[in-house]
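Written out below as structure tokens is the structure these notes cover.
Quick note: the coordinates plus some simple rules give every number you see, no bench work behind them. The model shown is predicted, which means the values in this text are computed figures rather than measured ones. Cβ coordinates were reconstructed from backbone atoms using ideal geometry, including for glycine residues, and neighbour counts include every protein chain displayed.
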Amino acid sequence: MTTQKKLGIWMDHANAHLMEFTTHDIETKAIGSKFTDEAEAQDVAKGESLMHNKEQYSESVYYKELSKEIANYDEVLLFGPTDAKAELLNLLRADSHFENIKIEVKPADKMTENQQHAFVKEYFTGPKN
């Protein structure tokens, strides 16, 4: 029997903290969206349509980066304070490459890194697993 690779991702629309669950300490890898508040402010001056298109493109690139990481795991927990986790889940469910990966979404507030690690540990070691 092979060991299941498990990943917890705390995310919002701007940042994602990827935490691989192992028997050792959890290390966090960060992936950020390229669409920052500063870029948004510059684009607003140029026009709302341009800003919206740029935001959609940046979000698409951000979700693709996360998808590449998720493809390497058997079980994934998406959690965080915004709808970004549900948006990513919908994209993943529409892609047959992810049909054999167990993906679950849980609501969570803003958290410190230690709180994120505890959340991931509790999820993967809790009674359901």
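Ranked by the mean number of other Cβ atoms within 10 Å of their residues, highest first, the peptides 113-126, 67-80, 92-105, 6-19 come out as 6-19, 67-80, 113-126, 92-105. Rounded to 0.05, the FRET efficiency of the Thr22 and Lys68 pair, given R0 = 22 Å and the Cβ-Cβ distance, is 0.65. For Leu7, the amide hydrogen comes within under 5 Å of the amide hydrogens of Phe21, Glu75, Val76, Leu77, counting only partners 5 or more places away or on other chains and with H modelled in the peptide plane. Coupling constants for segment 107-124 follow from the phi torsions by the Karplus curve (6.51 cos²θ - 1.76 cosθ + 1.60, θ = phi - 60°), and in residue order they are x, 7, 7, 4, 9, 6, 4, 5, 5, 4, 4, 5, 4, 5, 4, 5, 5, 7 Hz; glycine and proline get x.
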